[in-house]
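Rule-based calculations on the coordinates, nothing more; no lab input. Being a predicted model, the structure only gives us computed values, none of them experimental. We place every Cβ from the backbone using ideal geometry, glycine too, and count neighbours over all the protein chains shown.
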Amino acid sequence: MIEVLPIRLLTDQDTLIFGSLNVALGKLERLGFPVAPGIALTPPNLKLKTTLENFDFGSKEVFQQSLTLVSKEISNIPVPEVLMREAGKQKLFFLNNSKAKGVKALWLVLLNVWLDQIKERLWSSGFYPGITDNLDPQVVTFLKKLESFSISYEDSFQDDVVVSNKLGKIHPADLKKIVELTELANKKLFIPNEYEWVVDRGVKLVGIKPYTSSPAVMNFSSVILKTEKDVTSDKSKSAVKIFFDLSIGLTVEKQLDGVYIASEKIFDLNRPHESFDKLVFQLVESAISFPDAPVLLKLADMSEGMGKVRGSLRLLHQQSLLSPLVEALDFARHKKGLNNVHIVIPFVRGVSELLQIKRELAAKKLMRKASLQYWMEAAIPENIINLEDYLLVGIDGIVLNLDELIAHLNGFDPAEAELSGYKNEVEGLIKFLEDGIRLLHKSKIPFIASGSICINQKVLEFLVEKGVYGLVVERFEAHSAKDLLNQVEKRMILRKTA
């Protein structure tokens, strides 16, 4: 079963299903941007999973042969009824930088896109359970007559918009329009992105991709035009560590700075045995795959809304929630010997709560020591105000939950989509954090930041300037976050040397 939604209906609540960049496309359409009509859809995970399980990938001799058979088998998956219902009346589609005529041709293109992702995972890590999980959702655009296709982004160092024409010929008037819309879109979304445009009875936005820094190219008036052969790959490096949020799914990355797992996204009290196995697998697999990277497991913060019993208080009073998490940690550290696994204590309402949860963990042979760090999640203003008292109790690091902190400071419920605009009012949060961060540096305690507002331009510049140790980011945002951090650090160096 696949999930399908028109682009215009995508909201923040759909981020986990369709991805933040596709949701941003829906936001821009509601803001009046010329976004081409279309749909976002998820892969048929169950169909793909059952198909792959019928083949043998364990032997190198039959590996390539199996891939060929898989391709043929997957191409026979019938067009889902929901896709026929949403797109059956359309004749021309645009997807993955190419056109498709008819729904059947579109479905084959979609299947090939997801199959290519699966092949990458097979070549990288071999066959493993969940290999079809978290494949990228796709955006399909409805077209009438495609005249051209272009990609644009704003180069902050050259203070120019780069436009790369990939298909057809683009009129100067349309080129100028793309430049203006690129600058406006970056302002609306607060972070630089790479934008995909088609000219189809006017300029229309068809996709948003993570922005990656570009090499120097020739300046042409206010626009830089380049061809594909002019582009070179460049891996951005940053002093700030990137912690991949692997709470859902694994990654094919070979090198990571760190891993962050929020156990409440995996462990489910309604399915304790199944979700416990999944949690243990996720924890152990992450720690084994990246033995030189710290793996931070946040104890479950089961929240039922602002002001409810949650976080450490709930863990202390609900053994059916705490015990499985302790058992998972015990298995990973003591039975598997994975000493790169550390603990994040969630949503603490006072120093007494922190002391109690530390005693509980110590009683279960998970006491704080050189090889086992305790990190504390700072999610409410009280944590920052009384930070010195928390440090005296003994912790090894702080995780700033910026989404929770700004919600409490600005007085809104983050679960209410219509109030999400208050997330952009970050000036008060920045002022509020300054003294606390100064104390952390004085005490030589590292801090990392989590939450969607980490990539807000003002917040990110503040964090980098104040020496944040790392950022927790989703897997699909990791590469763009590295490039963004690289740019922010360069701007800081240029400002200080100017």
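Overview of results
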quantity: For Lys99, Lys335, order by how many other beta-carbon atoms lie within 10 Å, fewest first; calculated: Lys335, Lys99
quantity: Dipole of segment 241-497 [Lys/Arg +1, Asp/Glu -1 at C-beta], most positive-end residue of Val488, Leu246, Leu256; calculated: Leu256
quantity: Footprinting exposure proxy for Lys72, Lys490 (fewest neighbouring C-beta atoms within 10 Å first); calculated: Lys72, Lys490
quantity: Lysines with Cα under 20 Å of Lys166, excluding same-chain neighbours fewer than 8 positions away; calculated: Lys99, Lys101, Lys144, Lys145, Lys176, Lys177, Lys204, Lys209, Lys226, Lys229
quantity: Segment 367-476: trypsin sites (Lys or Arg not before Pro) in DSSP loop, at most 12 other beta carbons within 10 Å; calculated: Lys444
quantity: Unit charges on C-beta of K, R, D, E only; dipole of segment 279-363, Debye; calculated: 200
quantity: Qualifying aspartates and glutamates (Cα of each under 20 Å from Cα of Lys278; at least 8 residues distant if same chain); calculated: Glu53, Asp133, Asp245, Glu264, Asp268, Asp301, Glu327, Asp330, Glu474
quantity: GluC sites (Glu not before Pro) restricted to segment 422-498 and DSSP loop, no more than 14 other C-beta within 10 Å; calculated: Glu425
quantity: Given charges at Cβ of Lys, Arg, Asp, Glu: segment 241-497 dipole, positive-most of Leu338, Phe462, Leu433; calculated: Leu338
quantity: Inverse of mean 1/r across different Cα pairs in segment 296-393, Kirkwood, Å; calculated: 13.8
quantity: Cβ-based net charge around Tyr195, under 10 Å, with every Lys or Arg adding one and every Asp or Glu removing one; calculated: -2
quantity: Hits among aspartates and glutamates - C-alpha to C-alpha of Lys89 under 17 Å, sequence gap 8 or more where chains match; calculated: Glu81
quantity: For segment 269-312 versus segment 424-498, the gap between their alpha-carbon centres in whole angstrom; calculated: 25
